[in-house]
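So the structure is just underneath, and the comments pick up after that.
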Amino acid sequence: MDGKKLIILTGPTGIGKTDLSIELALKLDTEIVSCDSRQMYRELQIGAAPPSAEQLTRVKHYFIGNLSITDYYSAGRFELQALELLDTLFATHDKVLMVGGSGMYIDAVVQGIDDLPTASPEIRAQMMQRLKNEGIDALRAELAQLDPDYYNTADIVNPKRVLKALEVIAQTGKTYSSLRTGQGKQRPFDIVMVGLTMDRQKLYDRIDSRVDAMLAAGLEAEARNLHQYKQLNSLNTVGYKEFFGYFDGEYDFDEAVRLIKRNSRRYAKKQMTWFNRYPQMHWFDRADEKAIFDFVLNQ
């Protein structure tokens, strides 16, 4: 694939990646591969802020609304499917645009996911039952004992990470950390990474305004329709989990809204920490669209 380039456009939630990516894709005469782990779920039409129907008609997108919240999915599966898709797209495009803010999914394409063993359905079912019966804190404590190296570096706030590590340990008898190589995989195309930045307070104001817009569009009703599935990892998502607490009587509506805005801002901060790990990232202020377009078009 000599001369083929994957342009990755990323940045924190609420910064305006979608609008910019549409214009960029049109200038490149290319298509967009989404790397947003929540926009894949067709039921999350408001809270995940997927591209609008009009935007989807302007530029062809992939990995948007292609899953149900009940489907099992992972960054490892995304790696395989995204690389297969890119192989097809590069047959007719010199440049392809990948857009999104899910760090694990970006890592899957840029560096690759270790080929870790998949737990049997029986082990996965047992672990899910333990989560239900014992709670996530008990499983975190077990992981800390069995694999302290992974426990001290992983995102243990995410139940999915904890369950995955314990499943692998149960399946193989080896620690999860010992099976991770950390070695990047070679790709048959060049990767150019473009990160968007913005004054922090301005970004936080945009996030608050976007939450208000989601509420006006019916986020509460969307979350209520999904309340019965609240235990799914796909719904361990800002904008939904806070409403689930409200529906369960833990706090009132105003507190749910406050938590959504607060947790969205925290997520944006966490994303920037993740993206700053990439030494190859080219950073641009979101407002400087001309500089972004000039840079990408000259790659």
- Residues that are at pLDDT below 90 and in contact with a Ser or Thr (Cβ under 8 Å, 6 or more places away or on another chain), drawn from segment 178-200: 179
- State which residue is surrounded by the fewest Cβ atoms within 10 Å (Cβ to Cβ) when the search covers only segment 20-57 and only residues that are under 20 Å from residue 264 (Cα atoms) and of a type in the set (D, E, K, R). 43
- Note on the structure: Among helices (runs of 4 or more DSSP H) entirely within segment 49-134, at least 2 residues that are of a type outside the set (Ser, Thr, Tyr) and free of Cβ contacts under 8 Å to residues at least 24 places away in the same chain occur in 53-58, 75-89, 121-134
- Item | Filtered residues of segment 247-260 (kept if surrounded by 13 or more Cβ atoms within 10 Å (Cβ to Cβ) and more than 18 Å from residue 208 (Cβ to Cβ)) | 247, 251
- From (1) modelled with pLDDT of 95 or more; (2) surrounded by fewer than 18 Cβ atoms within 10 Å (Cβ to Cβ); (3) touching a helix residue (DSSP H, G or I) at 6+ places or on another chain (Cβ under 8 Å); (4) closer than 27 Å to residue 269 by Cβ, pick out the condition that doesn't hold for residue 213. (3)
- Applying the selection to segment 257-295, what residues are in contact (Cβ under 8 Å) with a residue 24 or more places away in the chain and farther than 19 Å from residue 10 by Cβ? 257, 260, 261, 263
- Note on the structure: Among residues of segment 270-299 being exposed (fewer than 14 other Cβ atoms within 10 Å of the Cβ) and under 17 Å from the mean Cα position of the chain (by Cα), the residue farthest from residue 200 (Cα to Cα) is 277
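Yes/no per residue for (1) surrounded by fewer than 17 Cβ atoms within 10 Å (Cβ to Cβ); (2) touching a His at 6+ places or on another chain (Cβ under 6 Å); (3) farther than 28 Å from residue 7 by Cβ:
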residue	(1), (2), (3)
117	yes, no, yes
120	yes, no, yes
124	no, no, yes
152	yes, no, yes
164	no, no, yes
170	yes, no, yes
197	no, no, no
- Task: Can you run down the residue pairs with Cβ atoms below 6 Å, 6 or more apart or on separate chains, where the first is in segment 221-233 and in a helix (DSSP H, G or I) and the partner is surrounded by fewer than 17 Cβ atoms within 10 Å (Cβ to Cβ)?
- Result: 227/247; 233/160
- Query: How about segment 79-91: which of its residues are within 21 Å of the chain's Cα centre (by Cα), modelled with pLDDT of 95 or more and closer than 16 Å to residue 191 by Cβ?
  - Reply: 82, 83, 85, 86
- Residues (among the hydrophobic types (A, V, I, L, M, F, W, C) and in a strand (DSSP E or B)) located in segment 284-299: 284
- Note down all Cβ pairs under 8 Å where the first residue falls in segment 191-215 and is more than 16 Å from residue 259 (Cα to Cα), the second is aromatic (Phe, Trp, Tyr) and assigned to a helix (DSSP H, G or I), and they're at least six residues apart or on different chains. 194/295; 195/275
- Query: Taking segment 62-84, which residues are touching a strand residue (DSSP E or B) at 6+ places or on another chain (Cβ under 6 Å) and farther than 20 Å from residue 103 by Cβ?
  - Reply: 69
- Task: Return yes or no: is residue 94 assigned by TED's automatic domain parsing to the domain that holds residue 276, surrounded by fewer than 15 Cβ atoms within 10 Å (Cβ to Cβ), on the phi > 0 side of the Ramachandran plot and modelled with pLDDT of 95 or more?
- Result: no
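The values are calculated or read from the model by the stated rules, or taken from the named source; none is laboratory data. Every value quoted in this text rests on a predicted model; they were computed, and no experiment measured them. Because the Cβ atoms are built from the backbone with ideal geometry, glycine has one as well, and the counts that use them run over all protein chains shown.
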